[in-house]
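The values are calculated or read from the model by the stated rules, or taken from the named source; none is laboratory data. Quick caveat, the model's predicted, so the values are computed rather than measured. All Cβ positions, even for glycine, are placed from backbone atoms using ideal geometry, and neighbour counts span all protein chains on display.
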Amino acid sequence: MRLKLFAAAAALFASASLAQPARPPKLLVVISVDQFSANLFDEYRPQFTAGLARIASGTVFRNGYQSHAATETCPGHSTILTGSHPARTGIIANNWIDQSVGRSDKSVYCAEDETQPGTSSTAYKVSPKHLLVPTLGELMKARWPGSRNVAASGKDRAAVMMTGHNVDQRWYWTGKQYSTDLNVAPPAVVAKVNALAAQGLATAREPLETTPFCQTKARAVPVTGGGKPVGTGRLARAANDQTAFRQSPEFDGNTLALAAALVDEMQLGRRADPDLLAISLSATDYVGHGFGTEGEEMCLQLTELDREIGDFLKVLDSRGIDYAVTLTADHGGKDVPERERLAGVADAARVDPALNVSNMGKALMARLGLPGPGLLGEGSFGDMYIDKRLRAGEHDRLLKAALAAYRAHPQVEAVFTARQIAATPMPQGDPVKWTLLQRVRASYHAGRSGDFYVALKRDITPIADTSRAVATHGSVWDYDRRVPILFWRPGVAGTTVERSAETTDILPTLASMIGLPVQASSIDGHCLADVPGTTCPRR
């Protein structure tokens, strides 16, 4: 039995007659589907029949790119509505190390204010403090004071990075309800949606009804490292199981219900100035982490996501709003290596625990006869930091030893020093052709990035302990970089474009669509002339 999330929320919405669209659009709806890789889009595109099918009938860049190396949620969302790479946005990762922070926890969360007393990177005060550039919604508000900049999201970092500092409403799931970091009066519909979400969470969910196509995906695959087998789950859950709730289409359905409710209460798209609604849907990411990308679980998630987005678009249709939709992803994703090996990916493997920054640091410090952890970081790849408490000579000895150790490991593709990265010009042109060093450069921001950067080899999954997650993303490789970029308006014909585009191109393209001037030197992206309704400047 398919989920009826919008049926439960229908009482929140009043009916209205359908009107013919005008130009430019009065409401820009920008949807990010977390971990929706271009590989998944290509695979499931023939199966979509509802919302994703409608959006895919527009202008489709199937070779879109999150061009940078740090293919994580926070950096990816920071590019979508700023037109800039992480090197400019300052959002180099979900978390980075700042040894100057006046607390024992030196890890900094991308969407926190670490100066708040009593906080940590896991118990934080949500803030856009670290985002260094304006978003499209902020630029719209600067040009048209009546414009509204609004977000509904499954994750706080996604909502923050898509809206920025000057925001009208920003709501995101915090475990039991949708909350905000803003000091604003909450719309009445938020309490109603929270009540519906709480009711749903408290009710056990039966297994979803599968489909013939999803049945072809059903194959139990054992997972090494302590995890349970994956591949045949149908997303059932017990009452009040928050993890399973996030790993389900009902999570996205609630976020879309909140977005639709905000459209109505705030009358988005129905005043003189254009509005922006940013929506980040997180369940695909949680399903990917929990079950991988190629099992029955992901198939059921994407089937229901297609339907829920379709229901959301029907709400907008019924309001007579002149709107345009952009859909993309913050990053791609990769399946579990155990299933990949069954599919013939011979090099697919889990990371050697010795590469974890803590294990490597302890081993190197013991070898060098030095005290302390030595190395700081967030895992087995990405930015690595030398402990600043070391003396200059000790620092140099440890850096030299760490570079040699990582470069010698058979699972490591490349290691770049901060000096090497900083000396590399910012890459331009086709992101497909960027070298690994150029991809890392697009993620590098002096003062936040590490002393060196470790890139694992292709098909190495950086998860050894699978008790909490079995698959992930974050690599420099195209399975994590390549994402779909779709532009759609009701009644406007589209096409599929094979050449590459970047998520940084979304801001200038939408700005052109609504007649918003943007200084080219202030962003990294370029207007996409293939999108109807744009007046892109010549390049």
Report summary line: Within the range 258-293, the residues that are closer than 17 Å to residue 33 by Cα and assigned to a loop (DSSP other than H, G, I, E, B) are 282, 292, 293
**Report entry** Of all residues in the range 439-497 being of a type in the set (Val, Ile, Thr), part of a loop (DSSP other than H, G, I, E, B) and touching a Pro at 6+ places or on another chain (Cβ under 8 Å), the one that is nearest to residue 419 (Cα to Cα)
**Finding:** 472
Report task. Could you tell me whether any residue of the range 135-156 is among the acidic types (Asp, Glu), within 29 Å of residue 513 (Cβ to Cβ), surrounded by fewer than 24 Cβ atoms within 10 Å (Cβ to Cβ) and touching a strand residue (DSSP E or B) at 6+ places or on another chain (Cβ under 8 Å)? Result -> yes
Query raised in the report: Yes or no: residue 190 over 30 Å from residue 294 (Cα atoms), buried (at least 19 other Cβ atoms within 10 Å of the Cβ) and at pLDDT 95 or above?
Result: yes
Query raised in the report: Of the residues 346, 324, which single one is in a loop (DSSP other than H, G, I, E, B) and either surrounded by fewer than 22 Cβ atoms within 10 Å (Cβ to Cβ) or in contact (Cβ under 8 Å) with a residue 60 or more places away in the chain (or both)?
Result: 346
**Report entry** Close pairs from the range 468-495: first more than 30 Å from residue 269 (Cβ to Cβ) and in contact (Cβ under 8 Å) with a residue 12 or more places away in the chain, partner outside any loop (DSSP other than H, G, I, E, B) and among the acidic types (Asp, Glu), Cβ under 7 Å, at least 6 apart
**Finding:** 473/480; 474/480
Requested in this report: Could you give me the residue pairs with C-beta distances under 6 Å whose first residue belongs to the range 219-245 and is over 13 Å from residue 290 (Cα atoms), whose second residue is of a type outside the set (A, V, I, L, M, F, W, C) and assigned to a strand (DSSP E or B) wherever it lies, and which are 6+ apart or on separate chains?
Outcome: 236/205; 237/205
**Report entry** Residue count for the range 91-120, restricted to those that are more than 19 Å from residue 375 (Cα to Cα), surrounded by fewer than 22 Cβ atoms within 10 Å (Cβ to Cβ) and either in the same structural domain as residue 517 (by TED's automatic domain parsing) or β-branched (Val, Ile, Thr) (or both)
**Finding:** 2
Report task. Check 489, 482 and return the single one that is within 25 Å of residue 294 (Cα to Cα), in the same structural domain as residue 76 (by TED's automatic domain parsing) and of a type in the set (D, E, K, R). Result -> 482
Report task. Please verify whether the range 243-256 includes one or more residues that are part of a loop (DSSP other than H, G, I, E, B) and polar (S, T, N, Q). Result -> yes
Query raised in the report: Given the range 48-114, what helices (runs of 4 or more DSSP H) lie entirely inside it while holding 2 or more residues that are closer than 25 Å to residue 523 by Cα and either in contact with a Ser or Thr (Cβ under 8 Å, 6 or more places away or on another chain) or basic (Lys, Arg) (or both)?
Result: 73-80, 86-89
Query raised in the report: Does any residue of the range 86-99 turn out to be more than 16 Å from the chain's Cα centre (by Cα) and without any contact (Cβ under 8 Å) to a residue 40 or more places away in the chain?
Result: no
Query raised in the report: In this structure, is residue 235 within 30 Å of residue 515 (Cα to Cα) and either modelled with pLDDT of 95 or more or not in a helix (DSSP H, G or I) (or both)?
Result: no
